[in-house]
Amino acid sequence: MSTAGEPHRVQSIAGKCVSVVPPQYVQPPETRPTNLSTTTGEVPSLPSIDLGDECIARLREQIGRACLDWGAFHVVNHRVPIDLLDEMRHMGKSFFEDCNMDQKLQYSCDPNLPASEGYGSRMLVASNDTILDWRDYYDHHTLPLSRRNPAKWPHFQSNYRQVVAQYSDCMEVLAKRLLGLISESLGLPSASIEEAVGEFYQNITVSYYPPCPQPDLTLGLQSHSDFGAITLLIQDDVGGLQIIKDGEWLTVHPVPDAILVLISDQTEIITNGKYRSCVHRAITNAERARLSVATFHDPAKTRKIFPVFKPPVYREVMYGDYVSSWFFFSPIKGGGLIPEADSSIEDVRKSAKMSIHIYLLDFVLSVKELNGLSTVLKTTIDLKMKMAYHK
Ligand SMILES: O=C(O)CCC(=O)C(=O)O
Ligand SMILES: [Fe+2]
């Protein structure tokens, strides 16, 4: 799509006012969005949890219920200054809209590294035939402090670096508090999940979705669950984030002062599948650019992650291996079968062409135990299939 030497950015394509998207952005029929409205079909009852509630027992109960039912919830009265949320959105938008392409490209990420800091468009693109997301992004490495180098961040707005650093600090505090409440909601000591995750590796990704001439054929961001432990997300008023609930894609209506909490894969493993990671995606629209800011809290690549409950349903996994396996298995096109409970892992893999996260099967204990745990197999496959196939 891009000619040699010409960096590829969605915003440049959208800026040419094309009426047809380039073929690399066209989703196969089975992953195209069907419910394109961002104003109707929103999630009416995605829980909104008031963290100012002084009744801790009620808070735990509400968080536990939201994790079980949704894997996602909004929090309000979260102690992060509302002005900071607005400034972070404003800084992000200003980078994409007020800087010219040459300025932005000074901050290009390294296209050959999977998680390189900076301005890019092809995060987690596993191979050349991967369908591309209709999205540009800026990824900041913010924690631990040894990774944080504000000099690598844009300088066009005088307070950009200060806002990102402050935002990172506030998100870390909130993520720890939430993991504490999530642990307690399972009857665990407050520090359990945080200790299992270890030192936070935090990234802040500002996603920018330019208007798209064919929203019915494209995705701003393909269906996925986040790899790490917990994601905290804010968005602007445009709307386009969708989550799966009971087999349906539902749009998460933006709530300006709220922060969206998404349970991510490592929390699913640590809680032994009691709380599932939230499968989500972003759709596009033809009228307005959309912006979101996702703050990921991940373990170190060398951290071993395992369930805190017995018997474990997931194998211990080194976080770095978990991330790498995504590239190995994903994203594979074509149909597939839900394997029988007595399939071997190899059979499962062979027939698993539908799933972008089928690697999770590697963490289920063993084929033998799987056979006895057919529900686990089925729900794992089912959940991960949804990410690739649900419309
Ligand atoms: O733009 C959004 O709302 C979703 C972003 C997201 O899921 C991600 O960056 O992982
Ligand atoms: Fe995500």
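Mind counting the residues in segment 69-88 that are in contact (Cβ under 8 Å) with a residue 40 or more places away in the chain and either crowded, with 21+ Cβ neighbours inside 10 Å or not in a helix (DSSP H, G or I) (or both)?
12
Does at least one position in segment 205-215 carry a residue that is within 16 Å of ALA72 (Cα to Cα) and surrounded by fewer than 20 Cβ atoms within 10 Å (Cβ to Cβ)?
Narrowing segment 205-215 to residues within 16 Å of ALA72 (Cα to Cα): none.
No, there is no match, as no residue in segment 205-215 is within 16 Å of ALA72 (Cα to Cα) and surrounded by fewer than 20 Cβ atoms within 10 Å (Cβ to Cβ).
Could you give every pair whose Cβ atoms fall below 8 Å, whose first residue belongs to segment 266-291 and is farther than 13 Å from ILE305 by Cβ, and whose second residue is among the basic types (Lys, Arg), counting only separations of at least 6 or pairs across chains?
Going by the 8 Å Cβ cut-off, the qualifying pairs are VAL279/LYS386; ALA282/ARG135; ALA282/ARG290; THR284/ARG290; LEU291/ARG89; LEU291/LYS93.
Which one is farthest from ligand 2 (Cβ to nearest atom), of the residues in segment 227-244 that are surrounded by fewer than 24 Cβ atoms within 10 Å (Cβ to Cβ) and within 22 Å of GLN266 (Cβ to Cβ)?
Among residues in segment 227-244 that are surrounded by fewer than 24 Cβ atoms within 10 Å (Cβ to Cβ) and within 22 Å of GLN266 (Cβ to Cβ), the one farthest from ligand 2 (Cβ to nearest atom) is ILE244.
Of the residues that make up segment 156-178, is at least one among the basic types (Lys, Arg), over 20 Å from ILE63 (Cβ atoms), away from ligand 1 (no atom under 13 Å from the Cβ) and touching a helix residue (DSSP H, G or I) at 6+ places or on another chain (Cβ under 8 Å)? Show your work before the answer.
First pass over segment 156-178, keeping only residues among the basic types (Lys, Arg): 161, 176-177.
Filter once more, keeping what is over 20 Å from ILE63 (Cβ atoms): 161.
Subset that is away from ligand 1 (no atom under 13 Å from the Cβ): 161.
If we keep only those that are touching a helix residue (DSSP H, G or I) at 6+ places or on another chain (Cβ under 8 Å) too, we end up with 161.
Yes, segment 156-178 contains a residue that is among the basic types (Lys, Arg), over 20 Å from ILE63 (Cβ atoms), away from ligand 1 (no atom under 13 Å from the Cβ) and touching a helix residue (DSSP H, G or I) at 6+ places or on another chain (Cβ under 8 Å).
Name the one entry in ASP129, ASP102, ASP139, ASP110 that is at negative phi and modelled with pLDDT of 95 or more.
Working: ASP129 fails: modelled with pLDDT of 95 or more; ASP102 fails: modelled with pLDDT of 95 or more; ASP110 fails: modelled with pLDDT of 95 or more.
The unique qualifying residue is ASP139.
Is it the case that segment 253-262 has a residue that's under 24 Å from GLY64 (Cα atoms), away from ligand 1 (no atom under 16 Å from the Cβ) and over 14 Å from the mean Cα position of the chain (by Cα)?
Yes, segment 253-262 contains a residue that is under 24 Å from GLY64 (Cα atoms), away from ligand 1 (no atom under 16 Å from the Cβ) and over 14 Å from the mean Cα position of the chain (by Cα).
Can you name the condition, by its number, that SER292 falls short on among (1) assigned to a loop (DSSP other than H, G, I, E, B); (2) under 16 Å from the mean Cα position of the chain (by Cα)?
Going through (1) assigned to a loop (DSSP other than H, G, I, E, B); (2) under 16 Å from the mean Cα position of the chain (by Cα) one by one, SER292 breaks only (1).
Sort out which residues of segment 263-288 are away from ligand 1 (no atom under 12 Å from the Cβ), on the phi < 0 side of the Ramachandran plot and in a loop (DSSP other than H, G, I, E, B), and write them in order of number.
Looking only at segment 263-288, we keep the residues that are away from ligand 1 (no atom under 12 Å from the Cβ), and these are 263, 266-276, 285-288.
Cutting the leftovers down to on the phi < 0 side of the Ramachandran plot gives us 263, 266-271, 274-276, 285-288.
Selection gives THR271, LYS274, TYR275, ARG276, ASN285, ALA286, GLU287, ARG288.
What is the number of the single condition among (1) in contact (Cβ under 8 Å) with a residue 40 or more places away in the chain; (2) over 13 Å from the mean Cα position of the chain (by Cα); (3) part of a loop (DSSP other than H, G, I, E, B) that ASP237 does not meet?
(1)
Just give me the residues in segment 1-51 being aliphatic (A, V, I, L, M), assigned to a loop (DSSP other than H, G, I, E, B) and either modelled with pLDDT of 80 or more or under 21 Å from the mean Cα position of the chain (by Cα) (or both), in sequence order. Break it down into steps so the answer makes sense when it comes.
From segment 1-51, those aliphatic (A, V, I, L, M) are 1, 4, 10, 13-14, 18, 20-21, 26, 36, 43, 46, 49, 51; that's our starting set.
Filter once more, so that each one left must be assigned to a loop (DSSP other than H, G, I, E, B): 1, 4, 18, 20-21, 26, 36, 43, 46, 51.
Result: VAL18, VAL20, VAL21, VAL26, LEU36, VAL43, LEU46, LEU51.
Go through (1) hydrophobic (A, V, I, L, M, F, W, C); (2) touching a Leu at 6+ places or on another chain (Cβ under 8 Å); (3) within 11 Å of ligand 1 (Cβ to nearest atom) for ALA229 and report which single condition fails.
Result: ALA229 fails condition (3) only.
The values are calculated or read from the model by the stated rules, or taken from the named source; none is laboratory data. Worth saying up front: this structure is predicted, and the values here are computed from it rather than measured. Every residue, glycine as well, gets a Cβ built from its backbone with ideal geometry; the counts of neighbours run over all protein chains shown.
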